[in-house]
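Each reported figure results from applying straightforward, stated rules to the coordinates on display, with no laboratory input. Here the structure is a predicted model, which means the values were calculated and not measured. Using ideal geometry, Cβ is built from the backbone for each residue, glycine included, and neighbour counts are taken over all protein chains shown.
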Amino acid sequence: MGFTQGLLATLIAETAPAELRSTAFSMFNLVTGAALLLASVIAGALWDIAGPQGTFLAGATFTLVTLAGLFLARTHLTTSRQG
């Protein structure tokens with residue numbers, strides 16, 4: 001989160017209209033908090049069901065799926081700009 005929070009806050013500050021900037025930050029923090037709560041609940045449930053190994057394997061799996069998705073998105077954006 002240390003790598004992304006500042007970047008995302010800057011993105012919100014630069015793209016949100018001045019009259020809606022506080023609403024944009026509020027929505028960003030609401031969505032971020034809800035996602036963190038959901039992730040924590042899922043991690044806790046996995047820990048109870050599968051133990052620490054299952055929790056960390058699930059985290060590694062989510063990371064690999066995310067990296068594959070980012071690679072595919074980058075490939076798609078690169079080919080769509082050229083064509």
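For segment 1-22, backbone nitrogen atoms closer than 16 Å to the point 7 Å from Ala43 Cα along Cα-to-C-beta are found at 1-5.
At each listed q (0.12, 0.25, 0.28 Å⁻¹), what is the log10 of I(q)/I(0) that the Debye formula gives for segment 5-82 modelled as equal alpha-carbon point scatterers? For segment 5-82, the Cα-only Debye profile gives -0.59, -1.03, -1.11.
Judged by the mean number of other Cβ atoms found within 10 Å, the most tightly packed of the peptides 51-58, 2-9 leads the ranking 51-58, 2-9. Rounded to whole numbers, the Karplus 3J(HN,Hα) couplings from phi for segment 3-15 are 7, 9, 4, x, 5, 5, 5, 5, 4, 5, 4, 7, 9 Hz, using 6.51 cos²θ - 1.76 cosθ + 1.60 with θ = phi - 60°, and x at Gly and Pro. Couplings 3J(HN,Hα) of segment 31-48, computed from phi: 5, 4, x, 5, 5, 5, 4, 4, 4, 5, 5, 5, 4, x, 5, 4, 4, 5 Hz, in residue order, whole Hz [Karplus 6.51 cos²θ - 1.76 cosθ + 1.60, θ = phi - 60°; x for Gly and Pro].
Taking θ as phi - 60° and the Karplus parameters 6.51, -1.76 and 1.60, the scalar couplings of segment 66-72 work out to 5, 4, 5, x, 5, 4, 5 Hz in sequence order, x denoting glycine and proline.
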